[in-house]
Amino acid sequence: MKLNNSPFVSLRMKFLVLFCFMITLPFLFSGYLTYQKYSSNVERDAKAYSDQLTDQVNINLERYIREIERITISMYYDSNFVRILEAHNTNIASAYVPFEERLRMNDIISSLVFDRTELEGVYIFALDGTLFSNLSETISPIWFPDGSKWMDQVKQKDGGLVILPPVQWNYYLEKPREALAFARVIKNPLTNKTIGYVKIDLTSIGFEKILANVKMSKMSKLLVFNENFQCIYPFNEGSSSPSYAETVDMNTSNMLKTVTATPVGGLTIVSTIPKDDLQADARQLISFTLWISAASLIFAFIAAVITSNRLVKPVLHLQRKMRRVQKGDFQERAQVYSNDEIGLLTEGFNNMVSQLDITIKEVYELKLREKEAELNSLQSQINPHFLYNTLESINMVAVKERNHDLSQVITSLGKLLRYTVNKQERFVYLKDELSFMQNYLNIQSFRLEEGLQTEIHMDFSHEYAMVPKLILQPLVENAIEHGMRSLPFTIVITTKAVGQDLYIYVSDNGRGITPERRQLIQERLYGPDRPLSKQTTEKNTKGFALRNIHQRLVILYGEPYGLSIPDTNENGATFCIRMPFQ
């Protein structure tokens, strides 16, 4: 049933759409899941790396701060150091400092910071304004309270180490410099009174060397704040550094942030990594995957087109052949391209067309011969009662003249006519068919003057077997016309039941059938149909009698029933009729 409302979609298009969905959707879905999984793993790994990074920075800073504390505390172990500061423990500024004191302080400081290139300088601030340092040539020998407000922050720590953010220090002779500094109050170990201040300045690259092994992305930031939440790293000379509040309160939706406090020095380490940096590798991987995917999809689509064409080509070929058969060309045959279901379908189509062609030819030939028979019957039709009455009158004359042979022939002819004229019966009992054959043979015996002999061997259980009407007469007539060589001539009719089939043999002792003649008869029986022409002679027309018997049996009962020729020799011929025993 055809769905008129449904649009026509070709099989090739269905294959292409199916292949595209089967290839594209799983690929995109798996790619999306892979990207999400990879991104989450990258963010997790980045978080772990950031924590590890800040822990490492924390360890490095703690180690360095302890080194600075060691330097500032080691000065106390030199008695001259405390003595010199006690000598300058007055509020009266003194412009004169003995050379020996400066030389001694310089030796003390130089011994502590030997081979520490990251230190800009070490400075000792005496209470009377005297400034001692290992850089006596580049700094002022005195300091002024106005430029030393940092000391208030150091006093509050009461001897603890204070880390000062980079500011401009005015005790340099050339120009003020910005430097990260460590400072603490110096107290007399015995009296615990403040006798001065020690301050250590780092160079611009000094603090960066501490963090040199920190590997971060381009847009990542590492910030270090002191205990007063002043930014001490990174050192941005000439520009303001971000505040702690800005750093802590920054939007973390697109940022991965880690905050860690050091146990020594009171520093707070803040690392920020943009998620875009984290996903850069993921995006690069996705970009690479997309290019590979695009190439793979294009290749897959081309393969899908080629595959669909190979799959659909036999179907389209079969469709074209079907259209030719629909137009009546039953000689068309489809080519088998593959050994699969489509190949089996094509072979089935070829077998179907072959059988259909044979059936149509057989039906056409049967209809043609039926029409010819009807035409012959109309041309020679005579009132049967007129024939019966005429034959009865002739029979009465023969009896009156005491010609019993003629009377018997006329009686047999009347029975023969009655049997053949009745068209209502298509099947008859075997005994009736043999009775008809006996009347026919009586007439032939009269014609041949006692030269024809007949033997019928039939089991009594076969008498009521149903057989097609007029199935034996053509065989007997064929034997008389083509097999009789000399008189006497004997025809033997034998019946035999084998299983569910009935076999009827018609044999003679005539001239037999040569192998060449036997092959010709079999070709006429089983070969292709050859249409009759107007020039067909009566003799050639009779040659189709055997074929008609075979075709009638095949049409009625199907294969393997029909007429066959068993092995014969030159002393006679035998024909065998095989049909179901009904």
The correct count of residues that are without any contact (Cβ under 8 Å) to a residue 24 or more places away in the chain and not in a helix (DSSP H, G or I) in the stretch 290-335 is 7
Within the stretch 467-492, which residues are surrounded by 15 or more Cβ atoms within 10 Å (Cβ to Cβ) and of a type in the set (A, V, I, L, M)? Val467, Leu470, Ile471, Leu472, Leu475, Val476, Ala479, Ile480, Met484, Ile491, Val492
Just wondering, is there one or more residues in the stretch 33-41 that are more than 25 Å from Ser220 (Cβ to Cβ) and either surrounded by 12 or more Cβ atoms within 10 Å (Cβ to Cβ) or not small (Gly, Ala, Ser) (or both)? yes
Looking at the stretch 187-199, I want the residues that are assigned to a loop (DSSP other than H, G, I, E, B) and have a partner that is open to solvent by 20 Å² or more (accessible area, probe 1.4 Å) and hydroxyl-bearing (Ser, Thr, Tyr) with Cβ atoms under 9 Å, at least 6 apart or on another chain. Which pairs are those? Asn188/Thr194; Pro189/Tyr76
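Condition test on Gly510, is it over 24 Å from Pro580 (Cα atoms), modelled with pLDDT under 80 and either in contact with a strand residue (DSSP E or B) (Cβ under 8 Å, 6 or more places away or on another chain) or surrounded by 15 or more Cβ atoms within 10 Å (Cβ to Cβ) (or both)?
Spelling it out, it is not the case that Gly510 is over 24 Å from Pro580 (Cα atoms), modelled with pLDDT under 80 and either in contact with a strand residue (DSSP E or B) (Cβ under 8 Å, 6 or more places away or on another chain) or surrounded by 15 or more Cβ atoms within 10 Å (Cβ to Cβ) (or both).
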The residue that is modelled with the highest pLDDT, considering only those in the stretch 308-321 that are open to solvent by 60 Å² or more (accessible area, probe 1.4 Å) and either in contact with a helix residue (DSSP H, G or I) (Cβ under 7 Å, 6 or more places away or on another chain) or among the polar types (S, T, N, Q) (or both), is Gln319
Within the stretch 328-342, work out how many residues are closer than 14 Å to Asp357 by Cβ and open to solvent by 100 Å² or more (accessible area, probe 1.4 Å). 1
Those residues of the stretch 48-67 which are surrounded by fewer than 19 Cβ atoms within 10 Å (Cβ to Cβ) and of a type in the set (A, V, I, L, M, F, W, C) amount to Ala48, Ile59
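Rundown of residues vs (1) β-branched (Val, Ile, Thr); (2) touching a residue at least 24 places away in the same chain (Cβ under 8 Å); (3) touching a Pro at 6+ places or on another chain (Cβ under 9 Å), yes/no style:
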{"residue": "Ile23", "(1), (2), (3)": "yes, yes, no"}
{"residue": "Leu53", "(1), (2), (3)": "no, yes, no"}
{"residue": "Glu67", "(1), (2), (3)": "no, no, no"}
{"residue": "Ser79", "(1), (2), (3)": "no, no, no"}
{"residue": "Ser110", "(1), (2), (3)": "no, yes, no"}
{"residue": "Val113", "(1), (2), (3)": "yes, yes, no"}
Can you find even one residue in the stretch 405-424 that is modelled with pLDDT under 70, open to solvent by 100 Å² or more (accessible area, probe 1.4 Å) and within 30 Å of Glu559 (Cβ to Cβ)? yes
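The values are calculated or read from the model by the stated rules, or taken from the named source; none is laboratory data. Bear in mind the structure is a predicted one, so any value in this text is a computation, not a measurement. Cβ: placed from backbone, ideal geometry, glycine included. Neighbour counts: every protein chain shown. Areas reflect the complete protein model, heavy atoms only, side chains present, ligands, DNA and RNA absent. Shrake-Rupley method; radii C 1.70, N 1.55, O 1.52, S 1.80 Å.
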